[in-house]
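Below is one structure; the comments refer to it alone.
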Amino acid sequence: MNANVAGFPLLSLLTFLPLVGGAVIMAIRGSEEAVASNARWTALWTSLIVFALSLVLWFRFDTSSAGFQFVEEAAWLPEWGISYKMGVDGISVLFVLLATALTPICILASWESIGTRVREFMFAFLVLETMMVGMFAALDFVVFYMFFEGVLIPMYLIIGVWGGPRRVYAAIKFFLYTLAGSVLMLLALLAMWYAAGSTDIEHLMRHQFAPAMQTWLFLAFFASFAVKVPMWPVHTWLPDAHVEAPTAGSVILAGVLLKMGAYGFLRFSVPMLPDATATFAPMVFALSVVAVIYTSLVALAQTDMKKLIAYSSVAHMGVVTIGIFTVNEQGISGALFQMLAHGVVSGALFLCVGVVYDRIHSREIERYGGLADRMPKYALAFMLFSMASIGLPGTAGFVGEFLVLVGAFKVSFWLALLGSMGMILGAVYMLFLYRRVLFGRITRDDLKSILDLSPREIAVFAPLVVVTLWMGIYPSSFTVFWDASVRAMVANHLAALEATTKLAGVLAP
Amino acid sequence: MNWQLALPEIVLACAGMAILLYGVFARPERSFLTCSMLTIGALLIAGVLVLSGVPGTGYHDQFVVDAYSGFAKLLVLVAVAFGVMMSLDYNEHANMRRFEFPILMLFSSIGMMLMVSANSLMTLYVGLELMSLSIYVLAAFARDERRSAEAGLKYFVLGALASGLLLYGISLVYGFSGTMSFEQLAKLMVQPGAASPGLVVGIVFIVAGLAFKISAVPFHMWTPDVYEGAPTPVTAFMGTAPKVAAMVLLVRLLAGPFQPLLDQWQQLIVLVSIASMLLGSLAAIGQSNIKRLMAYSSIGHMGFALIGLAAGTAEGVRGVLIYLLTYVFMNLGTFACIIAMRRRGRNVEGVGDLAGLGRTDPAMALAIAVFMFSMAGIPPFSGFWGKYFIFTAAVQQGMWTLAVIGVLTSVIGAFYYIRIIKVMYFDEPAEAFDPRPVSLSVVAAASGIFTTFFFLFPAPVVAAAQAAARVLFPNG
């Protein structure tokens, strides 16, 4: 153990504490009612304790350093250069916090909406938290891969057991799509291990892979991460999974799981494969621009609220991938901000859908109208998150999109122009959604007696509202975390490209 | 002569005969259980003897003991012991309480141990036949049932054909090289021009004969029918230990004496491997009988294991051994659960019969889910590690086509594995199964624990497999 600020294996604790909570939940005995109630409370307390512990990261993280912090290492398969290594840098630290913060919110949000097999649901959710935190904290490729793939198991069950009518189709599609991408990454992992002799991520970042090899590695990674992001045209699993998943599943899917792909690009593709990144950036830009414009238009045509937000997620993630592959400080910084903002905002929007779904049991936009009249608090929250999703200045959504567009402008005027179409179209579909659901006259009888947010729901939304505004009004309290890391990453990238150019000059005089 | 080399086999054989005698004279109603227990005891003793064995060759260089054979023997013994345990309860219910059952398994395991210790083509053949003859009888053990008799007969006829092929191959190799000893063969093969066409044809026939035993495509035809027809504990037994023995033998033969002819047999193994993976993953999709499904699944798994052999390196052999280890435990556990699928005293075998198991029997559903995720190769379960080491070997040798086909078929295979999980967790519950007997719970739990927690301590297992693989590649 070296350079561990906290003085104890904090990241391992954050990763595996949820499993302990899960074990406790599975050990509960008694009547079904009692088990359900105990499982809820145990899960909530476990996730709250994990969140409280993760705040140590927020306060003790040294923002002036670009290196990995809170590093812990233990021998695992030492002869093959594989070790259990955890640590966070400026890029991953806030995602750990995002995962630990969203989990209690999700558990709270599924307090009443999950009525069957509560114990198993809470267990699956805590396992999911383990996988998510572990994935963002892993500093060894094999450890990363295990968590990355491991996410599939609880998520498959959450969608399949507690989902909507077409849950089986959605769950299997989700599983196979993501698995197909990941196995190719496994081969890339093995090839990198063979070339570099270690799976330590820090070691791999320093290793220079041959340009020809980089191309193949990049494509293998791309297959995996593009599915996870998801990028057009492999995004089709997302609307299905979102629509069928229970509310909490959608929230965690949009909030954290979608970030795994983009995080993978930032952790592996960009720093380890600089030449291939430069080569393939135009392709990524093209796919991202298509995602931004096309899926925004598709979102406009949706009649299902969750589907609309799911498509908007694809569009927002398109902005993220544009930002990442500009590989300049503004672009990457913006992409990171957009990822965090999207995690909070789209999660919150799914919660908003969940609120009315719990009451009316329909997600059809047509089914609603005039809710603002009966649910003023709900209307306010929904309004704020819609505005944040559009990217209104002063909310979380603005900063990320703005920075990405600045970064994109440095690369190409057209890229910035086309990328900014997302904001315009986003305003169209979100306002359209808002008008149809919240405004107008109430025509249906059951809507007349609909109740506004309960105290529990207010407790769910309050932190999200605060964070959304905080991120919009004072973004530097977040960007400060990754400034040093991003600067180092961009500098390394440029240095690597220059080295290759020089080498090419030497070889071909 | 160093006769002690074969001490585990000798002890096992004597114990087998003693148990047989006991079974003849004991009271019939008790003999099955007692003989089974004695068999497990004998296997345990043999295991201890294997562990304490010293390396060497003996019996006129016909027989070899080394780390490689030790690894395989322990695996075989564990698989057989679990197989006997699984039969305890099943045979009581299926009216197969006959003491010959465990003894046949025991003799079969002697055959397997001979196979993995074979140092000449003759030992290879004798061991293989001893193993196979016992299994032919076991497959037809439920003699009043048509399916079982059919399975036994089918396996016997096709097995005899495979034995013929194998024997023909052996005779060709002997004819063109003048020796049966692996060591002599190894010396001959390094000489230039060793790969005479006759010899290569002989190798092809031997590979065909052994491929039949591991049910690799295109010699897999018998597998689904025999798996389905044989009594389930026999299926569980056939699906694990003999596969290990035959695969280990194939690896020893090809990566040992025929190592210099890598170019000759590599394409063959690559083709068989790809065909097995494809058929195993595609044909299983349409199956509704879980035993048939497991048959196709095992065909696919053997295809994956063959990737390691195709690589033709120490890393590849290490991968094969680790893969077999994880495969054995996944399969034993799954079959323990399949045997436990019993309603009102009758065994059921449909995938649909598992509907809603997540609610009616959460523990069993959890175990099956673990095995299915593991077979699909999802980390952290052991199946992932098997695939990890196999693909490592392929990548090191630059066999990208094979590796890519391998991972993609594993995704197709994942479809039917997660479909079983879907049936258990997403579907409405069917009628609950009868209470599980303890013996099956023990096997399932032990296998489940191994499969789940393998990732915590992989180092010793990998080191053991590494040491075993080094035997075949003293220079590499």
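The values are calculated or read from the model by the stated rules, or taken from the named source; none is laboratory data. Only a predicted model underlies this, so the values are computations on that prediction, with no experimental measurement involved. FYI the Cβ positions are ideal-geometry reconstructions off the backbone, even for glycines, and counts take in every protein chain you see.
Structural remarks
- Residue match in the stretch A:172-189 (condition: in contact with a Lys or Arg (Cβ under 8 Å, 6 or more places away or on another chain) and in contact (Cβ under 8 Å) with a residue 60 or more places away in the chain): no
- Filter pass, B:ALA464 being closer than 27 Å to A:GLY160 by Cα, of a type in the set (Gly, Ala, Ser) and in contact (Cβ under 8 Å) with a residue 24 or more places away in the chain: no
- Within this structure, B:TYR425 passes the test of being in a helix (DSSP H, G or I), within 16 Å of B:ASP361 (Cβ to Cβ), at the interface with chain A (Cβ under 10 Å from one of its Cβ atoms) and out of contact with any His (no Cβ under 8 Å at 6 or more places or on another chain).
- Subset of the stretch B:142-184 that is of a type in the set (A, V, I, L, M) and over 19 Å from B:PHE205 (Cβ atoms) - its residue that is modelled with the lowest pLDDT: B:ALA142
- Only residues that are of a type in the set (Val, Ile, Thr), surrounded by 15 or more Cβ atoms within 10 Å (Cβ to Cβ) and either away from chain A (no Cβ under 12 Å) or assigned to a loop (DSSP other than H, G, I, E, B) (or both) were counted across the stretch B:443-476, and they come to 3.
- Count of residues meeting criterion [out of contact with any Leu (no Cβ under 9 Å at 6 or more places or on another chain) and of a type in the set (A, V, I, L, M)] in the stretch A:103-127: 2
- Any hit, the stretch B:221-229, residues being closer than 28 Å to B:PHE107 by Cα, surrounded by fewer than 23 Cβ atoms within 10 Å (Cβ to Cβ) and out of contact with any Lys or Arg (no Cβ under 7 Å at 6 or more places or on another chain): yes
- Checked against the criterion of being buried (at least 18 other Cβ atoms within 10 Å of the Cβ), in contact with a Ser or Thr (Cβ under 9 Å, 6 or more places away or on another chain), of a type outside the set (Phe, Trp, Tyr) and touching a residue at least 60 places away in the same chain (Cβ under 8 Å), the candidates A:LEU19, A:LEU14 yield just one match: A:LEU14.
- Yes/no for A:VAL284 being buried (at least 24 other Cβ atoms within 10 Å of the Cβ) and closer than 22 Å to A:LEU257 by Cα: no
- Among the residues of the stretch A:367-404, those identified as more than 25 Å from the chain's Cα centre (by Cα), on the phi < 0 side of the Ramachandran plot and not in a helix (DSSP H, G or I) are A:TYR368, A:MET375.
- Residue within the stretch B:136-143 that is free of Cβ contacts under 8 Å to residues at least 12 places away in the same chain, closer than 24 Å to B:GLY229 by Cβ and either of a type in the set (D, E, K, R) or not in a helix (DSSP H, G or I) (or both) present: yes
- Residue selection: A:ASP304 satisfies the criterion of being among the charged types (D, E, K, R), over 20 Å from the mean Cα position of the chain (by Cα) and more than 30 Å from A:GLN214 (Cβ to Cβ).
- In the stretch A:86-112, residue farthest from the other protein chains (Cβ to nearest Cβ) [restricted to those that are within 22 Å of the chain's Cα centre (by Cα) and not in a helix (DSSP H, G or I)]: A:GLY90
- Pairs linking a residue in the stretch B:400-415 that is facing chain A (nearest Cβ under 7 Å) to a residue that is charged (D, E, K, R), with Cβ atoms under 9 Å and 6 or more positions apart or on different chains, are B:VAL407/B:LYS387; B:SER410/B:LYS387.
- Only one of A:SER449, A:SER485 that is under 29 Å from A:PHE398 (Cα atoms) and either surrounded by fewer than 16 Cβ atoms within 10 Å (Cβ to Cβ) or touching a residue at least 24 places away in the same chain (Cβ under 8 Å) (or both): A:SER485
- Lone qualifier among B:MET105, B:MET96, B:MET113 - being touching a residue at least 40 places away in the same chain (Cβ under 8 Å) and outside any helix (DSSP H, G or I): B:MET96
Results for (1) closer than 30 Å to B:CYS337 by Cα; (2) assigned to a loop (DSSP other than H, G, I, E, B); (3) out of contact with any Asp or Glu (no Cβ under 6 Å at 6 or more places or on another chain), shown as yes or no for each residue.
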site	(1), (2), (3)
B:VAL200	no, no, yes
B:SER215	yes, yes, yes
B:THR223	yes, no, yes
B:VAL234	yes, no, yes
B:PRO242	yes, no, yes
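- Selection within the stretch A:373-392 - surrounded by fewer than 19 Cβ atoms within 10 Å (Cβ to Cβ), among the aliphatic types (A, V, I, L, M) and over 14 Å from A:ILE458 (Cβ atoms): A:MET383, A:LEU392
- Filter pass, A:PRO165 being within 21 Å of B:ALA355 (Cα to Cα), in a loop (DSSP other than H, G, I, E, B) and either more than 22 Å from the chain's Cα centre (by Cα) or free of Cβ contacts under 8 Å to residues at least 60 places away in the same chain (or both): yes
- Yes/no for B:ILE418 being within 10 Å of chain A (Cβ to nearest Cβ), more than 20 Å from B:SER273 (Cβ to Cβ) and either under 20 Å from the mean Cα position of the chain (by Cα) or not in a helix (DSSP H, G or I) (or both): no
- Note on the stretch B:163-194: residues that are more than 17 Å from B:LEU249 (Cβ to Cβ), touching a Pro at 6+ places or on another chain (Cβ under 9 Å) and part of a helix (DSSP H, G or I) amount to 5.
- Subset of the stretch A:41-71 that is in contact with a Phe, Trp or Tyr (Cβ under 7 Å, 6 or more places away or on another chain) and more than 14 Å from A:VAL96 (Cβ to Cβ) - its residue that is surrounded by the most Cβ atoms within 10 Å (Cβ to Cβ): A:ALA43
- The set of residues from the stretch A:147-171 being more than 9 Å from chain B (Cβ to nearest Cβ) and in contact with a Lys or Arg (Cβ under 8 Å, 6 or more places away or on another chain) comprises A:ILE159, A:TRP162.
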